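The values are calculated or read from the model by the stated rules, or taken from the named source; none is laboratory data. These numbers were taken from a predicted model, which means no experiment stands behind them. Glycine also receives a Cβ, built like all others from the backbone with ideal geometry; neighbour counts cover every protein chain displayed. These accessible areas exclude ligands, DNA and RNA; they are computed on the full protein's heavy atoms, side chains included. Shrake-Rupley method; radii C 1.70, N 1.55, O 1.52, S 1.80 Å.
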Amino acid sequence: MDRTSARDKTSARDRTSAPDAWEELVTSALLGTARRTPPGIEPGPEAPVALLDAAAVETVRRRAGLRPARAVQRPQPAPEEPRPSLPAAAARRLAMLLTDRPGTGGGGRRGTAPDLMELLPQWLAAANTHGYAAPPQLLPALLDAARGRTDLRPAALAFAGSRATWLARLNPDWRFALRATPGGGAALPPAQDTAGIRLLWEEGLFAERVALLAAIRAREPAAARELLATTWATERAEDRLMFLDSLRTGLGPDDEPFLEQALADRSRNVRATAAELLSALPDSALAARMAVRAAACVAVDRTQDTPTIVVEAPHECDAGMERDGVVPKAPSGRGERSWWFGQLVEAAPLGGWPGRLGGRTPAEIVALPVADDWRNELHAAWCRAAVRQRDAGWARALLGTPAAPEAGGPGAVSLAERAKLLGTLGSAERAEWVAGFIATHGLSEAFQLLGVCGVPWAAPLGRAVVDALNIARDAGSYPWSFSGVMGLAERCLDPAEAGRLEGLMAVPDEGEDASPGAGGYWAEAFQRLVTTLRLRAAMAEELEGT
């Protein structure tokens, strides 16, 4: 098909509106010209070329063919930025990070070059810690990056500051910035403006009201609860649920009367959330009621040679249990009695169990045998309770020692449970436990556990990861199975470890059982690791202004 013919056909499209023509072309390109051709293009083998020609014409028209319009009022100037500017080297680094795009390496192989986009979250966190302002000329690229990655948005918007919402009002592609900013970027009334607060609470948009409640709750929990109580009875169920959830911030005993009232709410979701919040208050009346119910289900049988926990799950879910947040209908495939039992134990204060089970410590209780296959159910409920009540003592008991033959300890039923339990421990203790786990069990199940450890990794954890990677390399396998851990190491290993890793950058001698070429791939992976660590060290120095 010659170009003249293509122009003739695309000229017919000029008579259609540009937006419609472009949408037609995009739709045809997505479906394929074999299934659909835009108006003015004949079906057949030449249709793809004609489609591309038409797209080229439309692209030029979209760029240059704007119709004159009436002048609009110029936007207000962007707000002043009080924060200090980035050091010049750090600004250049940010521009480099924002320019990098996934998949530019070609062939899907990463080679030895660092993945710059993966370093952007860490760079933003460090820049926010220093309190720098984003360079104005990089704000569009920063917002584009945050548009494509939701995980990047909180740090990116914090770094962009109020100018992000100013820009977002001018570009629909950046509306997420308005949704993510409390009050859609609008200023909230100051604390002393009680009339303004009252007016916004009663007449504001939902997002503005949520933002207002969260802001007041953060600085004065009682005032937020009292504000919520003024309109609670007239709120919609879905709004009551969102407002109630805001009470997690600053939750305390003073919230109990309000939450007790919410237990009688018409909405089951509101009742469940109120019950969950009350169960996180160990001295609440609901926690006491749940403790009595749970204690009636669990006892120690001392008639056997070894004291054994026996479980008698509830036979019904009565009205009182339902009012206290117990969901009566079990999920598909789950027995009702075990479902009710798990909810009771999960909501009961953990501090009451030692007194009910012979004065034993949490570790001694967890070590007791459990009769009739109730062990997993009971321990899983204690795991959830430990996470909800942030009880480090019970979390340690349920995790057990990292070197235990049964991976993860006696009570952890899944990697997800273990990761949540680790979250209740301090950063150093968490890193030490995961390091011990890796030393015993290797890296195959460690990825999720590594994700809850603080960055940069503590020295023992970093050594454990590197040693395990080195062992995997010596075993002669390919590094693909450890690509996730290797990626984490690039982002989380202390940059000071780079020097210690230089010996792993060389291609090792290939053993008889080694996979062909595996040594070269491992050398490449370690070169990328060292290069990335050095880059992170340079980034930190640039942000320091040194």
Next on the checklist: I need the peptides 397-403, 308-314, 251-257, 79-85 ranked by packing, meaning the mean over residues of other C-beta atoms within 10 angstrom, with the highest value on top.
Outcome noted: 397-403, 308-314, 251-257, 79-85
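Could you please report the charge total around Gly196, scoring K, R as +1 and D, E as -1 over all other residues with beta-carbon less than 15 angstrom from its beta-carbon? Don't skip to the end; give the middle numbers.
Working: positive: Arg198, Arg209; negative: Asp193, Glu202, Glu203, Glu208.
Net of charged neighbours comes to -2.
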Checklist entry - What percentage of all Cα-Cα pairs in segment 208-354 are separated by more than 20 Å? => result 53
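Could you look at the chain and say what percent of its accessible area is carbon and sulfur, using a 1.4 Å probe and all protein chains? Display every interim value, and only then the final one.
On the way: 15110 of 28020 Å².
That share works out to 54 percent.
So if the hydrodynamic radius of the chain is defined as the Kirkwood radius over C-alpha pairs, what does Stokes-Einstein give as its diffusion coefficient at 37 °C and 0.692 mPa s, in µm² per second?
On the way: Rh = 28.8 Å.
Stokes-Einstein gives a translational diffusion coefficient of 114 µm²/s.
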Item to check | Relative contact order computed over the chain (Cα-Cα under 8 Å; 6+ residues apart), in percent | outcome: 10
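Tell me what the chain gives for mean residue ellipticity at 222 nm when only DSSP H runs of n ≥ 4 count, each as -39,500 (n - 2.57), the sum divided by the residue total, rounded to 500 deg cm²/dmol.
On the way: 28 runs with 304 residues, N = 546.
After summing the helix terms and dividing by residue count, I get -17000 deg cm²/dmol.
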Checklist outcome for this item: With label points set 7 Å from each Cα along the Cα-to-Cβ direction at Val60 and Arg323, the distance between them in nm comes to 7.7
Next on the checklist: Please compute the contact order of segment 360-458 in relative form: average sequence separation of alpha-carbon pairs under 8 Å and at least six residues apart, divided by the residue count, as a percent.
Outcome noted: 25
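Give the residue list of trypsin sites (Lys or Arg not before Pro) in segment 209-248 that are DSSP loop and have at most 14 other beta-carbon atoms within 10 angstrom. Working shown, then result.
Values: sites: Arg209, Arg217, Arg219, Arg225, Arg236, Arg240, Arg248; in loops: Arg236.
Those satisfying the criteria are Arg236.
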Checklist entry - Can you give the accessible area of Trp457 in Å² (nearest 10), computed on protein heavy atoms with a 1.4 Å probe? => result 10
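For segment 483-546, what does the alpha-carbon gyration tensor say about shape, rounded, prolate or oblate, given a ≥ b ≥ c as the root eigenvalues, a/c under 1.5 as rounded, and a/b over b/c as prolate?
prolate
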